[in-house]
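Here's the structure we're looking at; comments come further down.
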Amino acid sequence: MTGTATEHLDADPQGIARAAALLRAGANVAFPTETVYGLGGDARSESAVAGIYAAKGRPAHNPLIVHVADIAAAEALVDLGDEGRDLAQAFWPGPLTIVAPMRPGTGIAAAVAAGKDTLAVRVPVHPVARAVLASCGRPVAAPSANRSGRVSPTSAAHVRADLDGRIAAVLDGGPCDVGLESTILAVNTGVRLLRPGAIPAGAIEAALGKPLLRGPAEMSAPVAPGLLASHYAPRAAVRLNAETTRPGEVLLGFGPVPGSAANLSASGDLHEAARNLFSLLRELDRPGVDVIAVSPIPQTGLGAAINDRLRRAAAPRG
Ligand code: TXA
Ligand code: MG
């Protein structure tokens with residue numbers, strides 16, 4: 001799609017129908033979810049999936065999440081198992097991704113799972129995402145709609161900044177509510193937290209009635225650790241737990257801190273901070289700013305996922 005103009009679609013019935021038609025035709029369309037914008041492609045089309053990897057510059061070994069309309073559609077693709085089904089019933093539709101053994105003969109393009117025998121599935125709750133999935137009538141593979149390694153997009157403008165001219169269309173549903181990606185659980189061997197996210201681990205443990213196993217964040221074994229340690233990265237460096245700023249730094253505050261260039265939440269509200277995180281990282285990442293210094297964020301509730309993203313943004317660049 002490089003060089004082709006990217007259509008801007010409003011999230012009205014016409015825009016949603018156009019987005020679904022483009023997806024059915026094998027094109028790549030960015031659409032809003034409650035977490036971040038996703039870059040969609042028909043999960044059964046090899047070329048649509050190849051287009052996702054190409055537009056993002058995503059390494060071929062990093063598998064994609066498949067978005068479906070409901071639990072039944074997910075169960076047609078994976079074996080959720082008893083615990084997976086319970087979790088699906090508790091949290092779907094919503095910002096939970098479940099990694100489970102893939103069923104044979106689903107027709108899902110091989111590149112989606114990147115050679116794994118598991119598949120990540122999710123049923124989003126955002127009304128526009130749900131309307132697109134319903135109208136499209138097929139599973140939609142969708143990673144976050146950013147260039148690989150960059151900050152995830154929480155608005156159509158963010159998507160454009162990264163992918164304009166590289167994808168067929170952006171469906172504009174306004175800013176994302178949660179602002180952080182889904183929580184990812186693997187249910188093939190116990191229930192393991194692969195990525196902290198929009199649903200705090202404590203809420204999942206309460207529903208499950210037992211503690212989660214903790215695993216390697218996101219991608220596991222075969223990947224060189226350095227490769228994914230650095231992720232969600234603005235161009236400026238990021239310094240964590242900053243109490244004061246040094247020359248060349250701007251402060252991204254949390255709580256009532258003086259002298260901040262921007263504040264995640266002046267009142268110290270973690271939901272507000274999550275919603276603002278990626279947008280403010282993009283905003284502060286401007287010429288003349290060498291370092292974005294970030295106030296300490298408590299590790300409770302959504303704070304765990306916020307700190308996870310900030311640690312990756314601050315990790316040494318490969
Ligand atoms: O909220 C979200 O999850 C957003 C929206 C668009 O749904 N999507 C998203 O996708 O964050 P992405 O591709 O940026 O992150 C998905 C993560 C990747 O780190 C990938 O490695 C992991 O999920 N993943 C996908 N399939 C997997 C699998 N079979 N086993 C383990 N990890 C998997
Ligand atoms: Mg991503």
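The values are calculated or read from the model by the stated rules, or taken from the named source; none is laboratory data. None of the values given here were measured: they were computed from a predicted structure. FYI the Cβ positions are ideal-geometry reconstructions off the backbone, even for glycines, and counts take in every protein chain you see. The area values use the complete protein model at the heavy-atom level, side chains included, leaving out ligands, DNA and RNA. Shrake-Rupley method; radii C 1.70, N 1.55, O 1.52, S 1.80 Å.
Applying 1/(1 + (r/R0)^6) with R0 = 30 Å to the Cβ-Cβ distance of residue 214 and residue 245 gives a FRET efficiency near 0.35. Here the Gaussian network model covers the chain, with springs between Cα atoms less than 10 Å apart; of 248, 94, 84, 248 fluctuates the most. When the alpha carbon coordinates of the chain are projected onto the principal axes, the ranges are 57, 50, 36 Å, largest first. FRET efficiency for the residue 207 to residue 103 pair, using the beta carbon distance and R₀ = 22 Å, is estimated at 0.35. The phi torsions of the range 94-106, fed into the Karplus equation with coefficients 6.51, -1.76 and 1.60 and a -60° offset, translate into couplings of x, x, 10, 10, 10, 9, 9, x, 6, 7, x, x, 7 Hz, rounded to whole numbers, with Gly and Pro shown as x.
Farthest towards the positive end of the charge dipole of the range 227-318, among the residues 314, 281, 296, is the Cα of 314, using unit charges on the Cβ of Lys, Arg, Asp and Glu.
Give me the number: length gained by fully extending residue 25 to residue 90, i.e. 0.36 nm times residue separation minus the C-alpha to C-alpha distance, one decimal in nm.
So the chain would gain 20.0 nm between residue 25 and residue 90.
For the chain, the per residue solvent-accessible surface stands at 40 Å², with DNA, RNA and ligands left out and a 1.4 Å probe.
Residues whose amide H falls under 5 Å from that of residue 149, counting only those 5 or more places apart or on a different chain, are 232, with hydrogens built in the peptide plane. Derived scalar couplings between HN and Hα for the range 45-53 equal 9, 4, 6, 5, 5, 4, x, 5, 4 Hz in order, rounded to whole Hz, by the Karplus curve 6.51 cos²θ - 1.76 cosθ + 1.60 (θ = phi - 60°), x for Gly and Pro.
Qualifying trypsin sites (Lys or Arg not before Pro) in the range 83-154, where qualification requires a DSSP coil assignment and no more than 16 other C-beta atoms within 10 Å, comprise 116, 147. Distant-in-sequence amide contacts of residue 268, defined by a placed amide H-H separation under 5 Å and a gap of 5 or more residues or a different chain, comprise 255.
When the chain is treated as a Gaussian network with alpha carbon springs shorter than 10 Å, the biggest mean-square fluctuation among 46, 283, 34 belongs to 283.
Looking only at 258, 93, 127, which one moves most when the chain is put into a Gaussian network model with springs between Cα atoms under 10 Å? It is 258.
Potential lengthening of the chain between residue 76 and residue 300 amounts to 77.1 nm, from the contour at 0.36 nm per residue minus the alpha-carbon distance. In this simple spin-label approximation, residue 311 and residue 114 carry label points 7 Å from Cα along the Cα→Cβ vector, and these lie 1.9 nm apart.
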